């Protein structure tokens with residue numbers, strides 16, 4: 001399985017998932033798809049991120065802020081893509097781990113582990129996938145790996161976004177998940193930058209087709225042949241709140257010896273906890 005570098009697996013997979021829609025719209029789009037794949041073909045990665053959660057009042061004022069430091073490891077094997085998230089700070093969350101395993105075929109397996117003294121291992125499935133990821137505006141489903149085959153895609157047109165004072169010409173694409181994908185989303189609309197094939201804004205709808213939340217890639221960075229979403233913001237529409245993820249450090253194409261398969265097992269997270 002060949003996958004792309006991820007900040008959060010589902011969101012970065014959207015980069016690849018939506019671009020083929022443009023490819024169907026014009027002959028030159030095949031080159032766009034190929035460039036997109038080449039820019040994101042990274043086998044394994046290790047990243048350290050800062051997650052900042054802002055609790056907002058209805059009028060938009062910030063009522064409180066919480067910050068977490070997270071280490072993520074993603075391993076891409078022939079049979080599955082495995083991701084491991086470990087909370088490093090604050091102290092009361094240190095040692096909490098989350099594992100997501102997406103096989104080449106079949107359903108994603110997810111579980112989270114709380115270390116002693118309140119040791120507990122919980123599996124995430126069904127409607128629980130729509131739940132908040134540790135109090136943030138991201139959901140557990142957002143931690144999954146998705147592919148272009150999971151949805152029907154439609155090119156809605158072209159729009160220019162303004163992000164950080166810069167004008168960004170984008171393709172606007174609607175993706176509707178297939179029923180067998182068992183997504184908690186009704187549809188997703190993505191704005192994909194024409195110059196580097198990076199998604200810059202994603203609007204999520206619930207199963208009743210109501211706007212649920214909006215993600216914006218505030219800052220991107222090119223490193224060699226790949227592009228990184230350095231600063232990402234998810235803002236709740238139905239539930240007030242805002243979460244920002246910043247990549248503090250990263251390494252790509254990491255040897256598998258630094259991402260042992262044991263960390264993706266129940267026994268592995270227990271021993272590490």
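We did not get these values from a lab; they are worked out from the coordinates using the rules stated. Treat the numbers as computed from the prediction; the structure is a model and nothing was measured. As a convention, Cβ positions derive from the backbone with ideal geometry for all residues, glycine included, and neighbour counts pool all protein chains shown.
Before moving on, here are some points about what is shown:
- A simple spin-label model places the labels of residue 122 and residue 66 1.2 nm from each other, with each point 7 Å out along Cα-to-Cβ.
- Stretched out straight at 0.36 nm per residue, the stretch from residue 52 to residue 258 would grow longer than its current Cα-Cα span by 71.4 nm.
- 5 Å-binned pair-distance histogram of segment 103-180 (Cα, whole percent): 3, 11, 14, 16, 16, 15, 10, 8, 4, 3, 1
- Given their separation in residues at 0.36 nm each and the Cα-Cα distance between them, residue 167 and residue 182 gain 1.8 nm when the chain is fully extended.
- Contour excess over end-to-end distance, with Cα ends at residue 79 and residue 211 and 0.36 nm allotted per residue: 44.0 nm
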